[in-house]
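Note sheet for the following structure.
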Amino acid sequence: MRKKTLKLASVAMISMLLMNSCLGSFTLFNKYSSWNQRATKNKFLNEVIFILTSPVYVIAGVADVLLFNTIEFWSGSNPLASNVGKTKKVMGEDGRYYAVKTLKDGYEITKPDGGVVLFVYDKAEDSWSQVEDGKRTEIFRFNADGTIKATLPNGNQMDVSLNDQGVHEVRMAVNGGTYWAMR
């Protein structure tokens, strides 16, 4: 009787772990797949690598299902998904490249001329700010009703919804009611 109860409890515990609706991001599997797709510039060689390393996909998938997606479900973040400390080069609208480094609480952007701008998230205030030359300026904060309180360049603030209409309202407020469109 005791062995039967122990087996039943074990099966129930394993079932809870596997069936807790934790469809996660499958970060380990996807990272390995992305690497495999760009391992070389030859798609045929990449296919050979895929065939030879296919057991890695199984191991990565099982690790994601049993461990990493479960952690992501219960904690809200996947330990493998962190990009903290990584830097990417991003082309700006001006055609120049900027270095964007991911921080624990935001981003550090290094301009082509060497200047640095920080975009920082304040969890306590639920807001994003810009820090440049030691001066901190709040960009926006989230409101409890799902809107945001945007801080305009002139210091005024306005509540806007997070949709096309809200973006249009902020754009009109920043540009003094003038909106240019080009073809």
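Values for this structure:
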| item | result |
| --- | --- |
| Qualifying residue in region 67-75 (condition: surrounded by 14 or more Cβ atoms within 10 Å (Cβ to Cβ), at pLDDT below 85 and of a type in the set (S, T, N, Q)) | yes |
| Of the criteria (1) exposed (fewer than 10 other Cβ atoms within 10 Å of the Cβ); (2) more than 25 Å from the chain's Cα centre (by Cα), which one Asp164 fails | (2) |
| The one condition in (1) of a type in the set (A, V, I, L, M, F, W, C); (2) in a strand (DSSP E or B); (3) without any contact (Cβ under 8 Å) to a residue 12 or more places away in the chain that Val167 fails to fulfil | (2) |
| Neighbours by Cβ (under 6 Å, 6+ apart or cross-chain): first from region 24-43, closer than 15 Å to Asn69 by Cβ; second in a loop (DSSP other than H, G, I, E, B) | Ser25/Asn78; Thr27/Asn78; Thr27/Leu80; Thr27/Ala81; Leu28/Leu80 |
| Selection from region 49-73 of residues that are of a type outside the set (Val, Ile, Thr) and either touching a residue at least 40 places away in the same chain (Cβ under 8 Å) or in the same structural domain as Lys123 (by TED's automatic domain parsing) (or both) | Asp64, Leu66, Phe68, Asn69, Glu72, Phe73 |
| Residue list for region 125-148, filter: over 18 Å from Asp105 (Cα atoms), surrounded by 13 or more Cβ atoms within 10 Å (Cβ to Cβ) and of a type in the set (A, V, I, L, M, F, W, C) | Ile148 |
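The values are calculated or read from the model by the stated rules, or taken from the named source; none is laboratory data. The model shown is predicted, which means the values in this text are computed figures rather than measured ones. In this analysis, Cβ positions are derived from the backbone assuming ideal geometry, glycine residues included, and neighbour counts consider all displayed protein chains.
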